[in-house]
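Just below is one structure, and these are the notes that go with it.
Any read-out appearing in this document is the output of simple, stated calculations on the displayed coordinates, not a laboratory observation. Since the structure is predicted, the reported quantities are computational estimates derived from the model, not experimental observations. Methodologically, a virtual Cβ is constructed for each residue, glycine included, from the backbone with ideal geometry; neighbour enumeration extends over all protein chains shown.
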């Protein structure tokens, strides 16, 4: 039985006879550094407060000020939050891109634009609403220096009138955005929003069909970005040493964590910190510190993106062989170096699985939502200490930096567990220990922490050349024994990684396998395939590597399985090919998107239809 | 069964009841005569004599002959032989996790001044509480004799080719950018090196100890400026050093102007006896000037160049809890469900 919601096909854009309620995308095209973030957030929150499911995606350049930026708010009564290719409602504020933005619209779309841009002449099949922003902003913002920022709030007022967004909600969102401390700024912006609203009411006759209407689709929900959700997960996991080096799109993870830690993780009795955050000199140092801390018994983490992971490669391999826990957040992006650093990608799956030289394999955990960013981050910290190894938490720019609706996070049910750590009493009882000995047959050895007051506690940590007692060796049998135990440990992980989320559709002969943010596009695509093409599909969402038996069962029970990758070379597919038998591999097909934007359902649907027709 | 057994002579122990053997490590695999072995011996003696609890010490190293040596001393201490040039980061992380550990880093000139210069400089900048011994021989031993970044201009390799680039002076770098204990010594000078290591143990911030430690296999020939022979002729000893640990009586009268006492963090005293020059080891600029002067005169200046017992360490700056982060209980680490509710409410 499918758990997927059956919904009618969405009406395609075009000339509408009747209103389109709560099912459209608003795109605001501005220049970055112009302060449009506040206006966009207020607009999105106003809709959210009206109970309408929304998602916000910021497409921004690698630049501080002056280059084009687009912020897209998708409004969907069905709760779809994937990127939608089609834009229904454009706010054109950027002279650089205005023409192209307008020409890309489908027939029937609406455009609010800065009057001097003279866009009206471009097309006759879209609805135009010219606004003299400079004229409107002058009376509401006497300080000329602030006008660049405040004029953005005018479009919030204009759009509110055109889409029937309630001004009380705009006001609430605005107050919330500025907080009590910036009441003056809030007043100024509220004046601008009202001026926009009044201008629209006096000037325009609404001709486009798009309309927002209060509904009950967001009750109890929160809005949060994935990076902040991971940060909260880390704090509630009890992280103690946090190391990082700034890199888009991961910087805001630790920045947000610092705010939370400062607020909630000081000893109330002494005021002292129960954590250390270090902005390191580079990613080599940040992973070195995280491993040093993990070795000494801290819950340690670092956060980075692909280029940082490349630099960490040697250390992470060392962490694998020396068996040191650490959690590494990889907020994936396009790269390396310059070249689309502010665009999203699932580009590190294959390289992280095998990172570093020699026979290394690393566990990875893949959240797809803010809720999972929180819960799976806590799991990752537990997992790292249970298995004494570096663990990747894999997100991407889309999940990490964009705003998502989410259910409130559940308080962790299980107590913190530090894994197989021996203390002085244990050592007394055992009379000693072998650091790399497989006592329990699960491949996971016991460790002691520096500072353990016992004359048998110490061991010497080094790379791959050691025997069961952590003594230096270059013997063939010692090396092989250790490698085989590490392989055994990796096999044990399969029973403890977060299981995939499987949705079996009994009528389906095809299935999807995807992870992370591909989830939203794949779920919407399942609906499109059914409604538009009569194709039924099952779906397995991976939440971890190593793979579990669920994946094999899923592939076995379908004729063809589409592996969705947000990269050119099909990294998930490649990883499956490394491990699977030929008859399994023969069933795998590949859907790949690698344009740097969040994956959309249409791309997935079209590719599946194309391949199914073969 | 004899009734007339002679009781064995009482074993010699230190103030915490341990024997010197408790401070030893595995058998060295370095070359006979290697300066690094002498340094290992000094470490054993100093930690034994001061009665340091070995389980409270953590050893860190990078890669190279020097970095292998922590396996040859303090076998009862945890050790971390990390990756090339990156020991400072590992030590930093570990000591933040457990601020109660006494950190001892051992590195080489390649590990610090070539591949590791970046991490070294940032370690210095943070004044991380760590004792950082550079076993400096100017060459890479394990890869058979290439120059490192501390090799002097004109110093020749074993095959005769001269080094053409100027050296990094790790003491000058450490002085300039924030280390709070800076010393240079020679592996062959037992007494001086002992006093320096002991003083570093009693120091609360970062101590950088650059020890000229000749490589008998690849850099002990005529033409080398890091050989035993060169040091014999070019070492300029800055002052005579004694170390009086906090648990010993310091009642000996000292003549005015001849001796200067520096009180270390743990209450021990570094006693500095003037030789042929006036030198104030709390004057950073004077230390830098002395290094410059020595360089012009082709001297290797040894002794304690700088001590600053006041500057806050990185651990102080982070306002870390007194209890090590690694052993904090769950109720200190996981905020209550009320906190989660509060955060969720703010996001609604």
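Taking the longest Cα principal axis of chain A as reference, the axis of helix A:518-533 is set at about 60 degrees. Computed extension length for residue A:99-residue A:494: 136.9 nm, one decimal, from 0.36 nm per residue of separation with the Cα-Cα distance subtracted.
Classified by the C-alpha gyration tensor, chain B has a rounded form. Its axis ratio a/c, with a ≥ b ≥ c, is below 1.5.
In this calculation the C-beta distance from residue B:164 to residue B:247 is compared with R0 = 35 Å, giving a FRET efficiency of 0.10. Sort out for me the Cα centre separation of the stretch B:293-307 from the stretch A:41-73, rounded to whole Å. For the stretch B:293-307 versus the stretch A:41-73, the Cα centre distance is 61 Å.
Sorting the segments B:286-295, A:237-246 by their mean number of nearby beta carbons within 10 angstrom, highest to lowest, gives A:237-246, B:286-295. The DSSP beta bridges internal to chain B are antiparallel in roughly 40% of cases.
Counting Cβ atoms of other protein chains within 10 Å of each Cβ in A:233-240 and taking the mean gives 5.
Peptide B:314-320 is shielded by partner chain Cβ atoms: per residue, an average of 3 of them sit within 10 Å of its Cβ.
Considering only beta bridges that DSSP places wholly inside chain A, some 35 percent are antiparallel. With the simple model of a label 7 Å out from the Cα in the direction of the Cβ, residue A:587 to residue B:190 spans 7.5 nm.
If the chain linking residue A:19 and residue A:476 were pulled fully straight, counting 0.36 nm for each residue of separation and taking away their Cα-Cα distance, it would gain 157.0 nm. How much of the pair distance distribution for the protein assembly as shown lies past 45 Å, counting alpha-carbon pairs only, in percent? Counting pairs separated by more than 45 Å, the tail of P(r) holds 41 percent. Pull out a ≥ b ≥ c, the square roots of the eigenvalues of the alpha-carbon gyration tensor of the stretch A:424-493, then state rounded if a/c is under 1.5, prolate if not and a/b is larger than b/c, and oblate in the remaining case. Oblate. Cβ-Cβ distance of residue A:509 and residue A:606, R₀ of 25 Å, FRET efficiency by 1/(1 + (r/R0)^6): the value works out to about 0.85. The stretch A:104-152 and the stretch A:460-481 have their alpha-carbon centroids 69 Å apart.
Its DSSP H runs of at least 4 residues, each contributing -39,500 (n - 2.57), put the calculated 222 nm mean residue ellipticity of the protein assembly as shown at -10500 deg cm²/dmol, to the nearest 500.
Using only alpha carbon pairs under 8 Å that are at least six residues apart, calculate the relative contact order of chain B and give it in whole percent. About 15 percent, as a whole number.
For the stretch B:188-257, what log10 I(q)/I(0) values come out of the Debye formula at q = 0.20, 0.27 1/Å, with one point per alpha carbon and no solvent? Treating every Cα as an identical point scatterer, log10 I(q)/I(0) equals -0.96, -1.25. Legend: mean number of C-beta atoms from other chains within 10 angstrom of residue C-beta atoms, peptide A:226-232, equals 1. Most simply put, the stretch A:501-612 has about 15% antiparallel DSSP beta bridges, counting only bridges with both residues inside it. Here the relative contact order of the stretch A:424-493, from alpha carbon pairs under 8 Å that lie six or more residues apart, stands at 31 percent. Sorted on the mean count of surrounding Cβ atoms within 10 Å across their residues, most packed first, peptides B:57-68, A:33-44, B:323-334 read B:57-68, A:33-44, B:323-334.
How high is the FRET efficiency between residue A:201 and residue A:107 when r is their beta carbon distance and R₀ equals 22 Å, given to the nearest 0.05? Calculated value: 0.25.
Note on residue A:437 and residue B:100: their simple-model spin labels are 2.7 nm apart, each label 7 Å out from Cα toward Cβ. A crude spin-label estimate for the pair residue B:146 and residue B:31, with each label 7 Å from Cα along the Cβ direction, gives 1.8 nm.
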